[in-house]
Each structure stands twice: as C-alpha cells, then as structure tokens.
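The values are calculated or read from the model by the stated rules, or taken from the named source; none is laboratory data. Keep in mind that what you see is a predicted model, and the values were worked out from it rather than measured. FYI the Cβ positions are ideal-geometry reconstructions off the backbone, even for glycines, and counts take in every protein chain you see.
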Amino acid sequence: MDSEARIIACVEAAVRDLGMPVPDTESISNIIGLGLKEAVHQLFPDADDQLHLQIAARYRVHFFSDEEAPSQLFDGARETLQELSDRGHMLAVATGKGRQGLDYALETTGLGDFFHLTRCADETFSKPHPEMLNQILELSGMDPHQALMIGDTEYDMEMAVNAGMSCLGVTYGVHAAERLRKHKPLDCIDHIAMIPKWLDGYVKN
C-alpha cells in the first residue's frame, strides 16, 4: 500500500495541532517503516515523553479520519497478491503500523484474506528489531532460510538481516534503491508485478 503521502500529511497535521514547527517532507519520509513511538522519538529527539505521547495521539486522530490524503494500493498490488496466493505462497505482514492501523488498512482495501499471519510494531518491537519476523517464523513453523522479506524501506532490509532472513528490496515505495542496497538484499525491483517472475527465478536457483 502506498501510504507515504498519508503518513506525511498526518504527521504535519499532528504537529500543527500542537503549534509545533512542521518537519520537512524528507525527514518524515525517513521515519516511515518504524513504529509510531520510535518514529516520533526520531523526528523530535528534544521533545519530552509527554509531548511525544501528544504527537502520537494527534497522529492517530488524523490517520483514522477521512481528512488526509488517502492511502492507495500500488498499481497491480491486488493482482500480484492473488497470483502469489494462487501459487501457494504463505504471505505475512510485519509492519510499523499499530494493530488498529493495519486492521483498518486491510479492511478498507479488502486484502486481509491474502495474509496468513500479521505482526505489528505495537505488539512487539519496532523494526529493525527482528522479533516481528521471529514470531512469524515460529508461528508458521519455518526457518529463516525458508522465508523472504520483501520491503520498501531500509528498516525492512535491516530487520531481515537481523533475523537471518534473505530480503528483496522494492524501489516503488519509500526509500531509494541506494538505501536498500546498503543492507545487501538479494535484488531490488521496480514494480510489484515483477515479484512473481522474480520469485520463479529465485526458487529455481
């Protein structure tokens, strides 16, 4: 899901509500992928804990309203998930969103049935800590070498490395290929529809 514009708009609205200076767009983009608590701390390192809580609370208000930029599915996302599901791949989500945010996203897009397992940052540790992936592996009965992390931020790549899991970077999301490649993904691809064909080659090799 392409939620970058919505996240940026919600952060901007939250800090305006509190009369604070609005961070630049690049700074906000840099924290996408982290849990909300960790993202707020990174964006506002000099703010105290009470202000961090206020920013997070205002962010949630805006995220769950219809006032901000809507999140859109990447072109071809639904078809790609359907193809992967039809091929028998077990699909899971490890996200910086909270449980309420993920459930909202899956419900509004109708994608929930594609995913066997989901883990959120407010249920365990935020990326790049590997615990979300570790829990998914444990629940699925798989070892790290049997799984592949696909992500669009360097935090996704770093989380996979920390879990001993291979990763595939996608450049159509938040972070550029140069940032993803720092963590040595198997490859970087430019469109979600390329994933099934890429997986064919990966499995054969």
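Using the structure shown, decide if Asp24 is without any contact (Cβ under 8 Å) to a residue 12 or more places away in the chain and not assigned by TED's automatic domain parsing to the domain that holds Gln100. Yes: the conditions hold for Asp24.
Just checking, how many residues over the range 33-69 are touching a helix residue (DSSP H, G or I) at 6+ places or on another chain (Cβ under 7 Å) and either surrounded by fewer than 15 Cβ atoms within 10 Å (Cβ to Cβ) or not in a helix (DSSP H, G or I) (or both)? First the steps, then the outcome.
Here is the first cut: in the range 33-69, the residues touching a helix residue (DSSP H, G or I) at 6+ places or on another chain (Cβ under 7 Å) are 33-34, 36-37, 39-44, 52, 55-56, 58-59, 62-64, 68-69.
Right, trim to either surrounded by fewer than 15 Cβ atoms within 10 Å (Cβ to Cβ) or not in a helix (DSSP H, G or I) (or both) and you get 33-34, 42, 44, 64, 68-69.
The qualifying residues number 7.
Tell me which residues, restricted to the range 86-101, are more than 19 Å from the chain's Cα centre (by Cα) and either buried (at least 17 other Cβ atoms within 10 Å of the Cβ) or closer than 15 Å to Leu148 by Cα (or both). Residues satisfying the conditions are Gly88, His89.
Report, by residue number, each residue of the range 9-27 that is touching an Asp or Glu at 6+ places or on another chain (Cβ under 9 Å) and among the aliphatic types (A, V, I, L, M). Selection gives Ala9, Ala13, Val22. Among residues that are assigned by TED's automatic domain parsing to the domain that holds Leu111, exposed (fewer than 15 other Cβ atoms within 10 Å of the Cβ), outside any helix (DSSP H, G or I) and over 18 Å from the mean Cα position of the chain (by Cα), Gly19 is not included.
Taking helices (runs of 4 or more DSSP H) that fall entirely within the range 111-202, which contain at least 1 residues that are at pLDDT 95 or above, surrounded by fewer than 19 Cβ atoms within 10 Å (Cβ to Cβ) and hydroxyl-bearing (Ser, Thr, Tyr)? Full working, then the answer.
Details: elements: 131-140, 154-162, 177-181.
Qualifying helices (runs of 4 or more DSSP H): 131-140.
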